[in-house]
Amino acid sequence: MDQSKIAGIGNIYASEILFEAGILPARPADKIDCKELKKLYKSIKNVLNKAIELRGTSDSDYRDTSGAQGGFQKVLKVYRRTGKKCGRCGTIILRETIGQRGTFYCPVCQK
Ligand SMILES: [Zn+2]
């Protein structure tokens with residue numbers, strides 16, 4: 001969750017990106033190896049492209065310029081899914097506060 005290297009990724013996308021990359025949010029950035037870093041960059045691209053494709057996330061009152069809701073909230077895998085089952089392995093999704101940000105993760109899929 002340390003955003004000193006890659007800044008400006010919101011809570012929603014940070015949780016979703018780390019899930020896709022299989023990295024625990026509590027992992028220090030300097031403990032991520034080269035292979036994982038490549039996966040992380042790929043996940044950032046995939047998740048943000050998906051979010052753009054679905055016109056953003058209507059978390060509360062967000063609307064796009066035509067007044068429509070975003071569709072990304074329908075494909076969220078971990079964000080705000082505390083207590084629900086992970087779609088990949090069935091383990092219960094957990095929430096943790098890291099650096100004052102609420103982050104959501106699967107303790108099995110993410111290492
Ligand atoms: Zn899982």
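The values are calculated or read from the model by the stated rules, or taken from the named source; none is laboratory data. Note that this is a predicted model, so its numbers are computed, not measured. With ideal geometry, Cβ positions are generated from the backbone for all residues, glycine too; neighbour counts draw on all protein chains shown.
Give the residue, chosen from Lys35, Lys39, that is modelled with pLDDT of 80 or more and either buried (at least 17 other Cβ atoms within 10 Å of the Cβ) or closer than 23 Å to Gly99 by Cβ (or both).
Working: Lys35 fails: either buried (at least 17 other Cβ atoms within 10 Å of the Cβ) or closer than 23 Å to Gly99 by Cβ (or both).
Testing whether each residue is modelled with pLDDT of 80 or more and either buried (at least 17 other Cβ atoms within 10 Å of the Cβ) or closer than 23 Å to Gly99 by Cβ (or both) leaves just Lys39.
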message: Which count do you get for residues in segment 72-111 that are within 14 Å of the ligand (Cβ to nearest atom), among the polar types (S, T, N, Q) and either out of contact with any strand residue (DSSP E or B) (no Cβ under 9 Å at 6 or more places or on another chain) or over 23 Å from Leu54 (Cβ atoms) (or both)?
response: 2
query: Which residue pairs have Cβ atoms closer than 9 Å, lie 6 or more positions apart in sequence or on different chains, and pair a first residue in segment 86-100 that is assigned to a loop (DSSP other than H, G, I, E, B) with a second residue that is more than 9 Å from the ligand (Cβ to nearest atom) and of a type in the set (S, T, N, Q)?
result: Ile93/Thr82; Gly99/Gln3
